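The values are calculated or read from the model by the stated rules, or taken from the named source; none is laboratory data. Since we're looking at a predicted model, the values are computed, not measured. Because the Cβ atoms are built from the backbone with ideal geometry, glycine has one as well, and the counts that use them run over all protein chains shown.
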Amino acid sequence: MEEKPCSNSLAIKTTHVLPPDTNAFGTLFGGKLMAHIDDIAAIAAVKHARNPVVTASTDSVDFLAPVKVGHAISIEAFVTWTHHTSMEVFAKAVTEDLVTGERRVSATAFMTFVAIDEKGKPVPVPSVYPETDLEKMLHENAALRAKRRGERRRHSQNLATTFGTKYAME
């Protein structure tokens, strides 16, 4: 499988923030922003793998600035690191006041996707290589994030086993 540059997977989405997308404070629902991030990050992963993908984890979504009604939100995402069948994707959301042109980073996120075949089984993905200084920085720290992801996943699996499928009040 031929190695690909991070830039090959770049995906960008811009959308207008309208009243139905916002809360009582006139700012974009966090869950709505997370859905936009998951959507564009999945597109980046598919572009890299050239296979369907499923979301395996969201390491973090850090909300840094509110996205107000009437503003635009632009999200860019690209693959920063790969393992056998999985890909780490970095996403950055920028809000823009369309009247003044003021722009702010509103969120950043790291997500992991697994490439799958038509039967839903994981398939190998090409490795990725960074070209820019930013890509190199993200790529160099990816193994540590992957290690932390594994630890967090094991902790989540232990919680799931401990709590089981019964509701708390049963």
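Six or more apart or on different chains, Cβ under 6 Å: which pairs go from a residue in region 71-92 that's within 14 Å of A56 (Cα to Cα) to one that's assigned to a strand (DSSP E or B) and modelled with pLDDT under 95? Could you list them?
Correct list of pairs: empty, since none qualify.
Quick check on S86: is it closer than 23 Å to E135 by Cα and in contact with an Asp or Glu (Cβ under 9 Å, 6 or more places away or on another chain)?
So S86 does not fit the description; no.
Can you confirm whether region 34-46 contains a residue that is at pLDDT 95 or above, outside any helix (DSSP H, G or I) and loosely packed, with under 14 Cβ neighbours inside 10 Å?
Checked region 34-46: no residue is at pLDDT 95 or above, outside any helix (DSSP H, G or I) and loosely packed, with under 14 Cβ neighbours inside 10 Å.
Give just the number: which of (1) more than 15 Å from S9 (Cβ to Cβ); (2) out of contact with any Phe, Trp or Tyr (no Cβ under 8 Å at 6 or more places or on another chain); (3) in contact (Cβ under 8 Å) with a residue 40 or more places away in the chain; (4) among the hydroxyl-bearing types (S, T, Y) does S60 not satisfy?
The single condition S60 does not satisfy is (2).
If T58 satisfies every condition in (1) surrounded by fewer than 24 Cβ atoms within 10 Å (Cβ to Cβ); (2) at pLDDT 95 or above but one, which is the exception?
(2)
Cβ-Cβ below 7 Å, separation at least six or inter-chain, first residue in region 116-134 and touching a residue at least 12 places away in the same chain (Cβ under 8 Å), second of a type in the set (V, I, T) and in a loop (DSSP other than H, G, I, E, B): which pairs?
I116/V123; D117/V123; P122/T85; V123/T85; P124/T85; V125/T85
Please verify whether region 108-129 includes one or more residues that are modelled with pLDDT under 95, of a type in the set (A, V, I, L, M, F, W, C) and within 17 Å of the chain's Cα centre (by Cα).
no
Can you name every residue in region 118-144 that is of a type in the set (D, E) and either touching a strand residue (DSSP E or B) at 6+ places or on another chain (Cβ under 6 Å) or surrounded by fewer than 17 Cβ atoms within 10 Å (Cβ to Cβ) (or both)?
E118, E131, D133, E140
Considering only region 115-146, state which residues are hydrophobic (A, V, I, L, M, F, W, C) and not in a loop (DSSP other than H, G, I, E, B).
Once the filter is applied, which keeps residues that are hydrophobic (A, V, I, L, M, F, W, C) and not in a loop (DSSP other than H, G, I, E, B), region 115-146 yields A115, I116, V128, L134, M137, L138, A142, A143, L144, A146.
Here's the yes/no breakdown for (1) assigned to a strand (DSSP E or B); (2) among the β-branched types (V, I, T); (3) closer than 17 Å to R145 by Cβ; (4) in contact with a strand residue (DSSP E or B) (Cβ under 8 Å, 6 or more places away or on another chain):
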residue	(1), (2), (3), (4)
D62	yes, no, yes, yes
A65	no, no, no, yes
A77	yes, no, yes, yes
M87	yes, no, yes, yes
F90	yes, no, yes, yes
T95	yes, yes, no, yes
L98	no, no, no, yes
R104	yes, no, no, yes
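Quick check, is F29 modelled with pLDDT of 95 or more, more than 28 Å from T132 (Cβ to Cβ), of a type in the set (F, W, Y) and in contact with a strand residue (DSSP E or B) (Cβ under 7 Å, 6 or more places away or on another chain)?
yes
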